[in-house]
C-alpha cells in the first residue's frame, strides 16, 4: 500500500516522519533509525545527545545539507524529498539561518561583510536593502561599533554574535544552532544563550543541538536522541526534573 504524505498543520514548521540515514563508509552505519519530529512556529527546542547519537546527522537533514535514506521531511510547507539541488538551496536561503560552534566567519572580511555574505545568494532578492539589513542585524547584536572589525579583532563572544547576525539577516523562519556555545567560556556561553532566549521571546523559532544538559535546559522543550532514535521529548521543566534525578 502506498503511504500517503500528510502536509503539516499551519503552525508546524518542521515535520519529520520515519527518517532514516545510512552511511556507507567502511561498512554500513545507520545514523538515524526512524525519527519522528515536529517543531511548531515559535518554539525553542534543544536536541541533546552524546557524540555519535545522531544529533549532528539530524541537524544536517533539518538544514537540508544532506538527504535522508528514507522517511519524509516537510519544512515550512515544502516537501523536501521532492526538491532538487537548486530548490533546496533556495529553501535554505529563504527559511533557515545557521549558527555553528566554530563561527565559520571568513577571516579576511569585516563583521559587516560577513553578515552581508548570505544575501549575495538570495536569488529571489527578498531583502530590498542588504546593507541596511546587515547593519540592523549587527546593531541588534550589540555590535554597532564593531562592524568594520575583522574576526581576529573580536572576542569569541563577539564573533558568535556576528555569526548570529549573519543567520538573522535574511529573516529566517527557523534558526538552527549547532553547539553554539561550544567554543566559549561559561560567561560568554550564558550571554549567547541569553541572545537565543530573547530572540525566541520575540517570536523566532530556535532549534539548538547540544551535548550539555545544562545548555539544553535553557530551551523550552528538550528532545533527547540516542543511537539514532528519539528516546524522550519533554517540556523543559520535565527534562530538568529528570536530569536532576539522574
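The values are calculated or read from the model by the stated rules, or taken from the named source; none is laboratory data. Note that the structure is predicted; figures quoted are calculated from it, not measured. Heads up, the Cβs are rebuilt from the backbone with ideal geometry, glycines too, and the neighbour counts pull from every protein chain shown.
Odds and ends about this structure:
A quick yes/no check of all residues on (1) surrounded by fewer than 15 Cβ atoms within 10 Å (Cβ to Cβ); (2) in contact with a helix residue (DSSP H, G or I) (Cβ under 8 Å, 6 or more places away or on another chain); (3) under 28 Å from residue 194 (Cα atoms); (4) modelled with pLDDT of 95 or more:
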site: 19; (1), (2), (3), (4): no, yes, no, yes
site: 38; (1), (2), (3), (4): no, no, yes, yes
site: 59; (1), (2), (3), (4): no, no, yes, no
site: 72; (1), (2), (3), (4): no, yes, no, yes
site: 84; (1), (2), (3), (4): yes, no, no, no
site: 110; (1), (2), (3), (4): no, no, yes, yes
site: 119; (1), (2), (3), (4): no, yes, yes, no
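- Residues (surrounded by 15 or more Cβ atoms within 10 Å (Cβ to Cβ), modelled with pLDDT under 90 and in contact with a strand residue (DSSP E or B) (Cβ under 8 Å, 6 or more places away or on another chain)) located in segment 218-246: 236, 239
- Just one residue in the set 89, 137 is in contact with a helix residue (DSSP H, G or I) (Cβ under 9 Å, 6 or more places away or on another chain) and surrounded by 19 or more Cβ atoms within 10 Å (Cβ to Cβ); that residue is 137.
- Residue match in segment 221-230 (condition: under 24 Å from residue 130 (Cβ atoms), touching a residue at least 12 places away in the same chain (Cβ under 8 Å) and not in a strand (DSSP E or B)): no
- Candidates 193, 199, 207, 176: the one that is in contact with a strand residue (DSSP E or B) (Cβ under 8 Å, 6 or more places away or on another chain), in contact (Cβ under 8 Å) with a residue 24 or more places away in the chain, part of a helix (DSSP H, G or I) and within 27 Å of residue 50 (Cα to Cα) is 199.
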